[in-house]
Amino acid sequence: MSSSQVLRFSLLYTGLVALFNSTLLLLGERRVDAYLAVNVLSFYVSYSLARPPTRPGAAMTALHILLLTLFAAVVALRVYEVLTG
Amino acid sequence: MNRALAVLGVNVVAVSVLAVVYGLYTQDTAILGVALSVSLVGAVLLVMSFATSEAVLGSLVEYAELASRALTTVVEDLDLLRSRLLVVADGGEVRLAIARTPDPGSLGTGIGVRYGEPYISFPAGRVLEGAAVVAGLDGRSLESALSGVLVDSLGLCSRVVTEVSGRLVRVELYGISRPLERMCGMPVNPVNVLTAVALARVTGRAVALAESGQVAGGRYAVFEVFS
């Protein structure tokens, strides 16, 4: 049922997340937003490389909105922290 | 929908929720970070299971619509809109015909005129060749065989109900695949054609589409089965 592109995307995405999560954990990273931001980046890297065939619809739009909002919120929080010293 | 991916997504979310609870309980933000990241993976997999489609499916659906439109145009030009869709087993070969003639076995392949009536006839080739054949017109075994072809092999619909009354077989299809459902308004559509070929294959007899229409949640077609 699943196409090879969907399989490739799933393997790439879960592989990247596992790799980055392990690395951050071993580096002693304790900020929750760091894990989430790297996850969102992993998603878009995997999505661009594997190009899974998706149907245009509310589900994919909602996913993109969720991920981009999450990433923007994390970045905004960090910028705010830097600016406020 | 990709069911395997959906099950995987739900399981990943379920496990990650437990990890989030553990992270909150122990006040360990590293565990919480990993758990939230994993729950995001689960959510992504779940959404992808609904949003992805077989890469070639889109092309095939578009091609099927073009083919249906081409055939419908020919049917209209030949004034065959009030004709019947027939599936004829001619020796080892199965042929589809759109004609008004009561004797479908006498039709040659191609577009022609027989007894003053135009017809279109073309071979089914290897379409649904491996379908299980049932002996006789028993409602239950017919329903099971048609479900095997239309639901399990083709994914044309999610449920098949058959009712046999003498030489007439009423086939009801529920949960028809959305891309195919959109073509059901055409005189020659993939749902009727595939159901007719499947019925001819499983009964091993010639069939003619007598009537078709909509029922709540699906479509029905009544076929006359020739002995």
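Against the main long axis of the alpha-carbon atoms of chain B, helix B:57-77 sits at an angle near 20°. For region B:5-39, the residues whose backbone nitrogen is under 20 Å from a point 7 Å from the Cα of A:T69, taken along Cα to Cβ, are B:36-39. Here the contact order of region B:114-227, divided by its residue count and restricted to Cα pairs under 8 Å and six or more residues apart, works out to 26 percent. Taking springs between alpha-carbon atoms closer than 10 angstrom, which of B:L45, B:L180, B:L66 fluctuates most in the Gaussian network model of chain B? Maximum fluctuation in the GNM of chain B, among the listed residues, is at B:L45. Normalised by residue count, region A:4-83 yields a Cα convex hull volume of 91 Å³ per residue. Taking the alpha carbon gyration tensor of the protein assembly as shown, multiplying each eigenvalue by 5 and rooting it gives semi-axes of 56, 20, 15 Å, largest first.
Going by neighbour counts of Cβ atoms within 10 Å, the residues B:T52, B:T101 line up, fewest first, as B:T101, B:T52. Using just its DSSP H runs of length 4 or more, each adding -39500 (n - 2.57), the protein assembly as shown gives a mean residue ellipticity at 222 nm of -17500 deg cm²/dmol after division by all residues. For chain B, the spread of Cα positions along the three principal axes, ordered from largest to smallest, is 87, 37, 33 Å.
Across chain B, Cα pairs under 8 Å and at least six residues apart give a relative contact order of 16 percent.
The simple Förster model, with R0 at 30 Å and r as the Cβ-Cβ distance, assigns A:V79 and A:A58 a FRET efficiency of 0.45. If R0 equals 51 Å, the separation of the Cβ atoms of B:V113 and B:L18 corresponds to a calculated FRET efficiency of about 0.10.
Legend: ranking of residues B:C184, B:C157 from fewest to most surrounding C-beta atoms inside 10 Å; resulting order B:C184, B:C157.
Residues whose amide H falls under 5 Å from that of B:R114, counting only those 5 or more places apart or on a different chain, are B:Y119, with hydrogens built in the peptide plane. Taking Cα centre as origin and charging only the Cβ of basic (Lys, Arg, +1) and acidic (Asp, Glu, -1) residues, the dipole magnitude of chain A rounds to 220 debye. Under the simplified labelling scheme, the B:D79-A:L27 pair shows an inter-label distance of 8.0 nm, with each label point 7 Å from Cα along Cα→Cβ. In sequence order, region B:45-52 has phi-based couplings of 4, 5, 5, 4, 5, 8, 9, 8 Hz under the Karplus curve 6.51 cos²θ - 1.76 cosθ + 1.60, θ = phi - 60°, and Gly or Pro positions carry x. For B:V94, the amide hydrogen comes within under 5 Å of the amide hydrogens of B:A124, B:G125, counting only partners 5 or more places away or on other chains and with H modelled in the peptide plane.
Name the most mobile residue of B:V191, B:V113, B:V15, meaning the one with the largest mean-square fluctuation, in a Gaussian network model of chain B with Cα contacts below 10 Å. Looking only at B:V191, B:V113, B:V15, the largest GNM fluctuation is found for B:V15. Helix A:58-83 axis versus longest C-alpha principal axis of chain A: approximately 20°, rounded to the nearest ten.
Here, each number is a calculation from the coordinates, and none is a lab measurement. Note that this is a predicted model, so its numbers are computed, not measured. Neighbour counts are summed over all protein chains in view; Cβ atoms, including those assigned to glycine, are modelled from backbone coordinates with ideal geometry.
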